Each structure stands twice: as C-alpha cells, then as structure tokens.
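Take a look at the structure set out below.
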Amino acid sequence: MQIDKNVHDVERLFVQVDKAILHFVGQTSLHCPSGCATCCHGQKVSAAPLEFLPYAYSLYKLGLLEHQYWELKTSSIEGCFIIDRVNGRCSHYETRGLICRLFGNAAMVNREGHKAFSACRILKDQVSTLPTFDSILQNSAPVYSDFYMRLRNIDTTYGSMMIPVNQAILKAMEIVYYNTRRKRKHSV
C-alpha cells in the first residue's frame, strides 16, 4: 500500500463529500443540535478502515500512533473512540471518517431508485416541518453508496471491509503502523 497516496486520495474524497453535504444542508438548513453526539455513542456503527486512514496517519505524524492504538486496544469504551468524553465532540473532526460525515446528511437508495433520508430521530423531526424536503432530498442529497464506491476504488480491500467503527479505527492504525515502519527505522 502506498500510504501517502491513499491518505491523500481519501482526503480528496472527503473534500468532495463535504462539498456535496454543504450543498444539501444549504438547501434544507438541517443541522445537528449544538453539542449532540448521540450517533457517536451508537453500538452498531460500521465503517471501513480506509475512511479512518487520515486520522491514523495524523496520529503517526504527531508521534501518537502507538499510544492511541494501545489506549483503544485496551479500552472498554462503547461508541466511537474518537469522541471526546469530556465535551462530547469529535476530538479529530477534520479527519473523521466517511460515515461521520454522511450520517444525517445523506440518503440511501431503495429498490425503486427513491432516496430515503438516513438520520437520527432528532434530524428526522426537523424534516417534518419542511414541506419541500422530499423534493430537495431526491434532487440533491448525497448518496452513501456513491461515496463508499469511490472509497473502495482507492483500495478495494480496506475500502470495502465494513466492521464496527472502533475496529475500523484500530485497523487503520495498524495499516499506518506497518506501512511506516521503514520510515521510522530510517529516522532513528
């Protein structure tokens, strides 16, 4: 794996996702309540290791990769490891995963090709007051599968491996660790 290239490609995908989300949110004015991180505490959130590669690589660059790896590996934390337990916000918002960016800001497509909003109850309650929401959803909502397909195109193995979020974060840390061993040996 070309770690630098893959990190760059995932970061480029994040820029595309963020633009699509900004467009959709701009039309709907939907937003999570301030300080809400209920979805981050979910037990059933799945992710691909590749989407957390920028996070793991940033830890490596800061010299924190091994420390954070062992902290997560020995942790009994439920929900996402990256959430700051004190203030309830993402501690690495800029490098958060694809699922973190899309949930509440995207749709899934059903068998008939109709988009269905994928969000928590809080956001779905906001939608009930928007009479044109379905039209906006059908015309401009980002679609999960479109962006996950792009993620898979970066690396088919780690872009399609859907596992619980903390396991995906651990796997991303392992990928970075093993792909930077040579750099660490030469820098010592």
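Lys pairs in the range 18-175, Cα-Cα under 20 Å, at least 8 apart or on separate chains: how many?
Working: K19/K115; K44/K73; K44/K124; K44/K171; K61/K73; K61/K171; K73/K171; K115/K124.
Within the range 18-175, the lysine pair count is 8.
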Rank these by accessible area, largest first, 1.4 Å probe: L130, L102. L130, L102
Candidates E71, E11, E174, ranked by Gaussian network fluctuation over the chain, Cα under 10 Å, top entry: E71
Rounded to the nearest angstrom and ordered from largest down, what semi-axes does the equivalent ellipsoid of the range 78-137 get from its C-alpha gyration tensor (root of 5λ)? 28, 14, 10
Give me the percent of the accessible area of the chain that comes from carbon and sulfur atoms, probe 1.4 Å, all protein chains in place. 54 percent
Reciprocal mean inverse distance between Cα atoms of the chain - Kirkwood radius, Å: 17.5 Å
Counting only protein heavy atoms and rolling a 1.4 Å probe, one gets per residue an accessible area for the range 51-110 in Å² of 52 Å²
Roughly how far apart, in whole Å, are the Cα centres of the range 42-88 and the range 1-21? 18 Å
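The values are calculated or read from the model by the stated rules, or taken from the named source; none is laboratory data. In this text the structure is predicted, and so the values were computed from the model without any measurement. These accessible areas exclude ligands, DNA and RNA; they are computed on the full protein's heavy atoms, side chains included. Shrake-Rupley method; radii C 1.70, N 1.55, O 1.52, S 1.80 Å.
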